[in-house]
Amino acid sequence: MDLYFVGRLGPDAIAGVALATSLIFFLVTVLIGIATATAAFISGPMGPGSTREIRTVLFHALVLGAAVSRSY
C-alpha cells in the first residue's frame, strides 16, 4: 500500500520504502525468534526452586528485545 502512494515520487522513494520494509520484516523476525526462544528456555526449568534460572532468562530476553527494538 505504501508503494502506491510513494510510487509517484520516483524511483528513489520506491527504493527507500522497499529497504525500510525489508529492515522492519527482518527485525520483526528477530523479535519473534527471541520470544520463541524465551518460551522454550523458560519451559525447561519450570518447577520449585527454579526462579533464579527463569529470572535470568527473562532478564536476557528483555535486554535482547530492548536492543533490537531500539534499532527501529
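The values are calculated or read from the model by the stated rules, or taken from the named source; none is laboratory data. Just so we're clear, the structure is a prediction, and the values are computed from it rather than from any experiment. Here the Cβ positions follow ideal geometry from the backbone for every residue, glycine too, while neighbour counts run over all protein chains shown.
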>> Restricting to the range 33-72, count the residues that are assigned to a loop (DSSP other than H, G, I, E, B) and under 30 Å from LEU19 (Cα atoms).
In response: 2
>> Quick check on my filter: what residues within the range 1-25 are surrounded by 11 or more Cβ atoms within 10 Å (Cβ to Cβ) and within 16 Å of the chain's Cα centre (by Cα)?
In response: ALA20, THR21, LEU23, ILE24
>> Name the residue that is farthest from ILE54 (Cα to Cα), counting only residues in the range 6-21 that are out of contact with any helix residue (DSSP H, G or I) (no Cβ under 9 Å at 6 or more places or on another chain) and small (Gly, Ala, Ser).
In response: GLY10
> Restricting the range 7-28 to residues that are small (Gly, Ala, Ser) and at negative phi, which is modelled with the lowest pLDDT?
Replying inline: GLY7
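When you look at ILE24, is it touching a helix residue (DSSP H, G or I) at 6+ places or on another chain (Cβ under 9 Å), among the aliphatic types (A, V, I, L, M) and assigned to a helix (DSSP H, G or I), yes or no? So that I can check it myself, show each step before the final result.
Working: touching a helix residue (DSSP H, G or I) at 6+ places or on another chain (Cβ under 9 Å): no; among the aliphatic types (A, V, I, L, M): yes; assigned to a helix (DSSP H, G or I): yes.
Here the answer is no, as ILE24 does not meet what is asked.
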> Of these, VAL30, VAL57, which one is surrounded by 11 or more Cβ atoms within 10 Å (Cβ to Cβ), in contact with a helix residue (DSSP H, G or I) (Cβ under 6 Å, 6 or more places away or on another chain) and under 30 Å from LEU3 (Cα atoms)?
Replying inline: VAL30
